[in-house]
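Since the structure comes first, as structure tokens, the remarks are kept for the end.
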Amino acid sequence: MSDLRQQFIGFSVEAEVLKFGQFTTKAGRLSPYFFNAGLFHDGATLGKLAQFYAQTLLDSGVEFDMLFGPAYKGITLASATAVALAAKGRDTSFAYNRKEAKDHGEGGTIVGAKLQGKVVIIDDVISAGTSVRESVTMIRAAGAEPAAVLIALDRMERSGKDDALSELSAVQEVAREFNIPVISIANLEDLFTYLDTHTQDARLSQHKDAVAAYRTRYGI
């Protein structure tokens, strides 16, 4: 898993999906790095990303029957992961939701396979956990069981505002609230390890101290 995690960080950096600089997060924090899975927007990189998702899910040992992708980014991620799983010999159905219910044709908010059995929710990151909560509600309403959440990167930082930081990260809060595992392809520790082992690359090494300081201030 360690090799896979480091490969994923390297892949994300090379694809410029994981960037370094100064970025304002949803929590209003000034972060020295930013991960945007929406930038995996061509066939080659999306296909490779799906391979990481699929292998991470298989390596986790989580039992599952199907995948669910919350709108919008999760739609592409779940469908691409289903293709990657099929290539690995695990043919798996998937579904996703619409933001607004359709009042004609098949109607409803769920598109794809019927939600049933053990369902893995696939998304890019967990910030506030809103999309996960909505997904769990839809899955349970259909009589299915949320089995896990699979994300690309766990930022491993405490949730809340600076004057009232939680002791838990958004990922930990989701795992505790719904009693399901949250699996990540990689996390902040993997990112820091990557920077630590690429000190010869000036483009990367210059950001190591800023990432370390951010981890010290907000890390769990």
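The values are calculated or read from the model by the stated rules, or taken from the named source; none is laboratory data. On a predicted model such as this, the values are computed, not experimentally measured, just so you know. So basically every Cβ, Gly included, is an ideal-geometry build from the backbone, and we count neighbours across all protein chains shown. Just so you know, the surface numbers come from the protein's heavy atoms only, side chains and all, with ligands and any DNA or RNA stripped out. Shrake-Rupley method; radii C 1.70, N 1.55, O 1.52, S 1.80 Å.
Numbers for the structure displayed
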| item | result |
| --- | --- |
| Failed criterion for Ala15 (all others in (1) within 26 Å of Thr199 (Cα to Cα); (2) buried (at least 21 other Cβ atoms within 10 Å of the Cβ) hold) | (2) |
| All positions within the range 164-188 that are farther than 30 Å from Gly10 by Cβ and either open to solvent by 50 Å² or more (accessible area, probe 1.4 Å) or in a helix (DSSP H, G or I) (or both) | Ala164, Glu167, Arg176, Glu177, Phe178, Asn179 |
| Identity of the residue in the range 191-214, of a type outside the set (A, V, I, L, M, F, W, C) and open to solvent by less than 70 Å² (accessible area, probe 1.4 Å), that ends up nearest to Ser31 (Cα to Cα) | Tyr214 |
| Candidates Tyr214, Tyr194 - the one that is out of contact with any Cys (no Cβ under 9 Å at 6 or more places or on another chain), part of a helix (DSSP H, G or I), under 20 Å from Leu4 (Cβ atoms) and touching a residue at least 60 places away in the same chain (Cβ under 8 Å) | Tyr194 |
